[in-house]
1. Can you give the longest stretch of the chain with no exposed loop site, where a site means GluC sites (Glu not before Pro) in a DSSP loop (not H, G, I, E or B) with at most 12 other C-beta atoms within 10 Å?
2. What ratio of Cα Rg to 2.2 N^0.38 Å holds for the range 366-449?
3. Using the count of nearby Cβ atoms within 10 Å as a rough guide to exposure, how do T339, T187, T117 rank from fewest to most?
4. Which residue, L280, T187, N252, has the largest displacement toward the positive end of the dipole of the chain when charges sit on each Cβ (Lys, Arg +1; Asp, Glu -1)?
5. Is there a pair in K121/K334; K41/K455; K380/K456; K41/K444; K116/K402 whose C-alpha atoms are over 29 Å apart, and which pairs would that be?
6. For K142, give me every one of the lysines with a C-alpha distance below 16 angstrom, ignoring sequence neighbours fewer than eight places off in its own chain.
7. Out of the DSSP beta bridges found with both residues in the chain, what percent are antiparallel (nearest 5)?
8. If you place +1 on the Cβ of every Lys and Arg and -1 on the Cβ of every Asp and Glu, how big does the dipole about the Cα centre of the range 182-274 come out, in debye to the nearest 20?
Amino acid sequence: MKLLLLFTTLITLSFTAYSTSPKDKIKPNIIIINVDDLGWKDVGFMGSQFYETPNIDRLSTSGMIFTNGYSASANCAPSRACLMTGLWTTRHGIYTVGSSERGASKNRKLIPTPNKTILSKDFTVISEVLQKNGYTTCHAGKWHLSHNPLQYGFDVNIGGGHNGNPGSYYPPYKKVKLEGHDNEYLTDLVMRKTLSFVDTISSPFFLYYAPYAVHTPIEPVKSLLKKYKTKEGSNGQTNASYASMVENLDRNIGLLLTKMEEKGMLENTLIVFTSDNGGLYGVTKQIPLRAGKGSYYEGGIRLPFMFVYKGKIASNIKSDVPISNLDIFPTILKYAGVTTFQQSLDGDDLSPILEGEKTELDRPLFWHFPIYLQAYRKTKNENRDLLFRTRPGSVVRYKNWKLHYYFENDEVELYNLDLDIGERNNVAFKYPEKKEELLGYLKKWWKETNAPIPKKLNPEFRSSK
């Protein structure tokens, strides 16, 4: 009887331990949703009254929203390189799309740092680590870091190549090597194939869903266009064609979530939702943020950002902790239970914030752009000048303070984001001690990361003064 009682007790304890913490025994599925050019306020959960995103909004109530979420760069390729490697731009050398000599030479005072356009295989990316740790991996949509994502730890590639945009959302898709049905919209096609992947795979899997939407060309979803043409705009958001693309993207994300729920996978899936950079100014606006994609004002780098993982991350929570897409890599390693990866990463594991163990991260965030990026709107833009979205410079944010440093003339801008989120009032002269403090962080970071500083004068430069 004693032996029988002991045996029964052990079985009961074993069952209880397993049933109360199944996520400690089973690796979670992992989904990164990285939307292209989706602005900070281009979704309902961040305050848009014009764009309709009911599925994304519903997802946001299931986890933690970061109101101070950032990309590590203000345009596509470098931001994606930072996300996939967990490293600052100064480490991988991808600063922009194509050449660093953007804009007329006569307007460029400095010789910019050369840009890299292919992510070196010397760097290990998220998909490679997860693949080696038992995950089946799928890339769906825009890759933009090489010609073939299958060489970077993905088992499946749906439409990914080196192209930064599709060329067309209607067939033939020009730059995207996929064949659709009839007049199938590209966002629908990529999701249809993504759902087929989910249908045929067993856990654990890693899905990097990076739709080409809502990047240009701005081509409306015809069935939705009339609805937005008759809808009143709000807070600078009025583009009906763009709004139809946003809603269609939301519908497709809803299909993915429904499929996961039907297969019983949603309960054990970590979902990260974000964008690669700010919205394209002129197509959409992020009022009160200044400027948009390509600029290092808030409109170019602040993003919608959330993490969802049922049972681990509390639902319907907001955090004002400043985070970056550099933090995605180490956070995924934590939740995937990967302990063998020993390389240094520049982001932080966010699990203590996500699980309520901590409420702040005491660290600066940095951005480095030692090149030029021309403006695409020569009037009515919110850049520093009408010719460039960004001139060579660096930015640091520490707590509520943000400092811009520009290499051409050693100019400094300082903003208190708590009081001036729109970065309209430069207080560098008013707070010299704070300026020097942030400059100190920046100079130390330049040294630690061996950041290239452009100093050589361009002989073709012609001053406008």
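A short reminder: the numbers here are calculations on the coordinates, not readings from a lab. Everything numeric here is computed off the predicted structure, so don't read it as measured data. Don't worry about glycine lacking a Cβ; one is built from the backbone with ideal geometry, like all the others, and counts go over all protein chains shown.
1. So the longest stretch without any such site is 1-178.
2. Rounded to two decimals, the normalised Rg is 1.11.
3. T339, T117, T187
4. Of the candidates, L280 comes out farthest on the positive side.
5. Values: K121/K334 23 Å; K41/K455 37 Å; K380/K456 31 Å; K41/K444 33 Å; K116/K402 27 Å.
Too far apart for the 29 Å limit: K41/K455; K380/K456; K41/K444.
6. Output for K142: K174, K175, K177, K193.
7. Around 55 percent of the beta bridges assigned by DSSP in the chain are antiparallel ones.
8. Once rounded to the nearest 20, the dipole reads 260 debye.
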